[in-house]
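*Asks:* One structure follows; several queries about it will come next.
The values are calculated or read from the model by the stated rules, or taken from the named source; none is laboratory data. This one's a predicted model, so the numbers in the text were calculated from it and none came from an experiment. Using ideal geometry, Cβ is built from the backbone for each residue, glycine included, and neighbour counts are taken over all protein chains shown.
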Amino acid sequence: MTGQLSFDSHARSVLAASVEYVNRLTPGFSGGSPYSGPADEAQAVGESLVAIGYPRPHVLPEDARRLTELAGRMRIVFEAAQADDLERAANEINALLVDTNARPKLDRREKGWGLHFHGPDDTLVNGWAAGCAAGLALAVGSDLAGRLGVCAAPQCDRVFVDTSKNGRRRFCSTQCQSRVKAAAHRTRQAT
């Protein structure tokens, strides 16, 4: 797919939050090193929102545990989309939508109305988890499912949303891209 990625600002925000939650809250590998998950889940949840431009919220430990569990399920969506298993991704998204009681709601903003997807309660967990589930549904339910990715670098399984114009992003960060290029360069030099 070519052309500029076209999500509205709220969809971009919840997809960015999904990436932050998965990358900060789920164990695996990051940048070539094992990652066991955060030492402090509540702090990691707060840092996730700060990373995408929101004020640091007060996060209760039980909210952090719930978001960590949901982040593991969001990881399934990214991995399934990367593997082009959209049926598995859709099944997990549908379960997330039900479990978070996501439903569309128009909220007044400074510049008109905005579509949000939180459930009947506006707790941090439900608001963000329902929004993330809906954002992932918007991506997988359109021709943008291929924009959900898992890092191609060895020893890294962090996720990303490819917002590049050509849709060819392969790495979660420039750090991983550089690691792969440097390793390829060393291999060429050795031969």
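*Asks:* Determine, yes or no, whether Glu79 is under 20 Å from Thr163 (Cβ atoms) and not in a loop (DSSP other than H, G, I, E, B).
*Replies:* Working: under 20 Å from Thr163 (Cβ atoms): yes; not in a loop (DSSP other than H, G, I, E, B): yes.
Spelling it out, Glu79 is indeed under 20 Å from Thr163 (Cβ atoms) and not in a loop (DSSP other than H, G, I, E, B).
*Asks:* Separate question: Kindly indicate which of Arg103, Arg88, Arg65 is at pLDDT below 95, surrounded by fewer than 16 Cβ atoms within 10 Å (Cβ to Cβ) and of a type outside the set (A, V, I, L, M). Give the steps one after another, and end with the answer.
*Replies:* Values: Arg88 fails: at pLDDT below 95; Arg65 fails: at pLDDT below 95.
Matching residue, one of Arg103, Arg88, Arg65: Arg103.
*Asks:* Also, quick follow-up: Here are Ala89, Ala11, Ala102: which of them is closer than 13 Å to Leu136 by Cβ, among the hydrophobic types (A, V, I, L, M, F, W, C) and in a loop (DSSP other than H, G, I, E, B)? Explain how you work it out, then say what you get.
*Replies:* Working: Ala89 fails: in a loop (DSSP other than H, G, I, E, B); Ala11 fails: in a loop (DSSP other than H, G, I, E, B).
Residue meeting the stated conditions: Ala102.
*Asks:* Being in a helix (DSSP H, G or I) and more than 18 Å from Arg24 (Cβ to Cβ) is the filter here, so list the residues in the range 135-173 that pass it.
*Replies:* Quick first cut of the range 135-173, residues in a helix (DSSP H, G or I) only: 135-140, 145-147.
Within the range 135-173, Ala137, Leu138, Ala139, Val140, Ala145, Gly146, Arg147 meet the criteria.
*Asks:* Tally the residues that are closer than 24 Å to Ala16 by Cβ and either surrounded by fewer than 16 Cβ atoms within 10 Å (Cβ to Cβ) or not charged (D, E, K, R) (or both), restricting the search to the range 156-191.
*Replies:* 20
*Asks:* A further question on this structure: Any residue at all in the range 34-50 that is assigned to a helix (DSSP H, G or I), of a type in the set (A, V, I, L, M, F, W, C), surrounded by 14 or more Cβ atoms within 10 Å (Cβ to Cβ) and at pLDDT below 95?
*Replies:* Of the residues in the range 34-50, the ones assigned to a helix (DSSP H, G or I) are 41-50.
Adding the requirement that they be of a type in the set (A, V, I, L, M, F, W, C) leaves 42, 44-45, 49-50.
Those still in the list that are surrounded by 14 or more Cβ atoms within 10 Å (Cβ to Cβ) too: 42, 44-45, 49.
Those left that are additionally at pLDDT below 95: 49.
Yes, the range 34-50 contains at least one residue that is assigned to a helix (DSSP H, G or I), of a type in the set (A, V, I, L, M, F, W, C), surrounded by 14 or more Cβ atoms within 10 Å (Cβ to Cβ) and at pLDDT below 95.
*Asks:* Do you know which residues across the range 40-63 are small (Gly, Ala, Ser) and over 22 Å from Cys151 (Cβ atoms)? Give the derivation first.
*Replies:* Taking the range 40-63 as the starting set, the residues that turn out to be small (Gly, Ala, Ser) are 42, 44, 46, 48, 51, 53.
Those that are small (Gly, Ala, Ser) and over 22 Å from Cys151 (Cβ atoms): Ala42, Gly46, Gly53.
*Asks:* Next question. Looking at (1) of a type in the set (A, V, I, L, M); (2) more than 14 Å from the chain's Cα centre (by Cα); (3) buried (at least 17 other Cβ atoms within 10 Å of the Cβ), which is the one condition that is false for Leu115?
*Replies:* Among (1) of a type in the set (A, V, I, L, M); (2) more than 14 Å from the chain's Cα centre (by Cα); (3) buried (at least 17 other Cβ atoms within 10 Å of the Cβ), the lone unmet condition for Leu115 is (3).
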